[in-house]
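Each value in this text was obtained by applying a stated rule to the coordinates, not by laboratory testing. All of these numbers come straight from a predicted model, not from anything done at the bench. Ideal geometry is used to build each Cβ from the backbone, glycine not excepted, and the neighbour counts take in all protein chains shown.
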Amino acid sequence: MPQDPKFNHLGEWALTMVASARGGRPDERLFRAPSGAGETVATAGGFLVPEAFAPNILTTIYADRNSVLPYFQKFNIPEGTNAYKVPGVDETSRANGYRWGGVTADYENEGVAPGDSWPHFKQTEYDAPKLIGMVPVTNELLADTENLGAFLETAFADELRYKLEQYTLSSAGTGTGKPLSVLNSPALITVAATGSQTAGTISYANITSMWSALPSASRKRAIWALSESAMAQADANMPYPVYPPSGCQHPDDVPRIQGRPAIETDVLPICGTPGDILLLDPLWYGVAAKPMASAMSAHVMFINDQAVFRITWRVDGKPLVSAQLTASDGTNRAPYVALAHR
């Protein structure tokens with residue numbers, strides 16, 4: 001985004017967009033979006049979010065500690081394309097001849113050569129569909145540029161974070177024009193509930209079963225994602241406090257289960273529904289994105305005395321593992337684990 005915006009804050013930039021959309025002379029500090037850029041009324045194209053402010057929105061999205069998004073791998077999609085390919089090894093088993101897709105090693109017997117090894121590779125492709133956020137603002141708010149800037153940054157960041165997290169975690173992420181979620185991953189392991197378990201509960205036995213389904217190498221990076229009602233159940237039924245007391249060894253005060261961060265999120269379903277609690281290794285989930293672009297219309301809600309700001313963000317999310325792993329002991333493991341219906 002080759003621009004040098006000299007706006008003092010996002011609100012000042014927004015007001016210049018309003019003035020341009022209402023027939024004024026476009027401010028020379030504004031830079032047109034690459035698509036639909038020729039329209040004075042920026043309903044389809046509009047002006048790019050300045051470099052100075054777009055990172056503020058992204059920082060809020062990715063740095064919020066009550067979100068799983070900061071933990072995921074991040075990839076930048078190059079200019080001129082809406083796709084990005086991530087190479088990886090195709091490992092489906094820890095048996096001899098399958099580790100790292102086919103790398104083998106062994107001691108050589110005298111006079112006997114070791115067997116050949118042929119690593120297998122795969123690619124994960126991100127298609128970066130559009131995520132669009134819209135915020136209507138009143139003319140009263142437009143008159144207060146500094147508060148307008150803070151409002152836009154907060155509103156866009158919260159809404160974009162919510163939708164991206166929803167599509168990367170829950171059943172909403174089908175992979176068709178949307179990210180493919182952890183819950184819909186073909187590698188997902190769903191752990192059964194205990195036979196005598198009460199409906200709508202989470203027991204410590206559930207937690208240990210989920211933990212056992214995670215590969216040992218993933219446990220040092222693992223995070224939990226729980227709905228609000230699931231977190232209440234986990235907190236009530238663990239043999240130790242989920243919420244650490246103030247002054248504990250974890251200064252961030254993030255709840256922990258099995259010693260790993262437990263992220264409470266309102267994008268997941270009610271306790272007892274599959275997907276209410278997830279255990280995952282975020283190293284094996286990627287988010288690929290392009291820079292944000294923005295548009296503004298002073299006409300679409302004219303009768304309500306409002307202007308509408310819109311941010312378009314090409315962003316995709318996808319698991320980097322496409323199949324469960326057969327461990328050396330013969331059990332199936334995966335970096336994504338859910339709990340079955342209770």
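Structure above, values below:
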{"read-out": "Cα→Cβ-extended label distance, 7 Å offset, between HIS341 and ALA150, nm", "value": "4.7"}
{"read-out": "Label-point separation in nm, LYS130 to GLN73, each point 7 Å along Cα→Cβ", "value": "2.9"}
{"read-out": "Segment 117-202: C-alpha gyration tensor shape, a/c 1.5 cut-off, then a/b vs b/c", "value": "oblate"}
{"read-out": "Full-extension gain in nm, ALA192 to ASP266, via 0.36 nm per residue minus C-alpha separation", "value": "24.3 nm"}
